[in-house]
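Before any comments, here is the structure.
The values are calculated or read from the model by the stated rules, or taken from the named source; none is laboratory data. Quick caveat: nothing in here was measured; it's all calculated off a predicted structure. We place every Cβ from the backbone using ideal geometry, glycine too, and count neighbours over all the protein chains shown.
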Amino acid sequence: MNFHSILAITNLSPQGNRAVLRAAMLAAQRRALLKIMYAPSDADESVRTGVEQDVRRLAAEMYTRFDILVKNVADTGGHLDAVAEEARWADMLVVGEQWNQSTKTFSCGRPIERLQRIVHCPILLARLEVVDRYRRVLVAIDSTPDPSTLLKLARSHYSDAEVEPFYPLFRASDSPSARPSRVAALPRRGDVARQAVTQEQHSNADLIVVGKGRRYGFSDLLFGQMAHRVLRLTSRDVLLVPLDLRLDPVAEMTTSSMARRDQAATGHPAGSIG
């Protein structure tokens with residue numbers, strides 16, 4: 001897909017600035033524009049003083065460190081609607097762990113769960129300390145009815161990482177040779193999210209990629225809950241990819257042979273759930 005800009009959201013906490021650092025590293029890899037926006041992670045969180053100066057200072061630091069174009073967003077209100085509006089002009093949104101926590105999770109969901117319903121681009125939850133680029137990426141194939149999209153996106157964004165497709169829900173008749181390599185001892189068959197997280201830990205992956213619907217309905221019931229459970233079960237970085245995301249046709253052509261290779265290697269056709 002075309003990749004021109006990354007929007008990083010921070011509340012200027014250490015966790016929020018970690019997300020900015022990860023976004024800057026990704027922007028440097030793709031020579032993309034980095035946009036930094038201040039936003040409290042909860043509607044009840046008060047806007048701190050000196051925000052504009054702190055954001056400008058952070059932007060200058062990212063520019064100096066990574067030699068990339070950096071723009072600080074003027075809006076300091078930080079409401080979800082403002083973040084979603086700014087994300088309309090970005091190819092990826094990067095947020096910190098504070099966006100996976102909320103004092104109002106029971107009534108209206110965690111901030112990242114609410115945000116992904118109104119944002120059209122992939123959302124990266126950056127938790128890990130940013131030491132290096134992602135080295136191993138796990139793609140949870142059964143988290144979407146169109147698994148090729150997740151593989152294409154992962155290979156496009158993380159071309160220098162080892163991208164491992166993971167097919168949960170093995171059939172009892174599957175022989176060991178038909179299963180993907182490095183398969184861990186998986187939890188019970190019906191818990192797809194826990195299987196994916198177990199495999200991520202077994203593979204020592206830095207990032208797990210899952211599909212996510214933006215609207216309520218049957219698709220969200222099947223795939224949305226799985227994505228949200230992955231967010232809550234893993235301590236690694238998570239990339240939420242909208243199920244209706246469109247990729248660049250040229251990129252699709254260059255990665256189609258890779259997808260066929262993975263299917264042949266695992267013995268599981270795309271979308272197979274046993």
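Values as computed for the structure displayed
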quantity: Selected residue (criterion: modelled with the highest pLDDT) from residues of the stretch 136-159 that are part of a loop (DSSP other than H, G, I, E, B), more than 16 Å from ALA205 (Cβ to Cβ) and of a type outside the set (S, T, N, Q); calculated: ASP146
quantity: Residue ID - nearest to HIS120 (Cα to Cα), chosen from residues in the stretch 190-230 that are out of contact with any strand residue (DSSP E or B) (no Cβ under 9 Å at 6 or more places or on another chain) and modelled with pLDDT of 80 or more; calculated: ARG229
quantity: Pairs, first under 13 Å from LYS71 (Cα atoms) in the stretch 1-25, second β-branched (Val, Ile, Thr) and surrounded by fewer than 23 Cβ atoms within 10 Å (Cβ to Cβ), C-beta under 7 Å, six or more apart; calculated: ALA24/ILE68
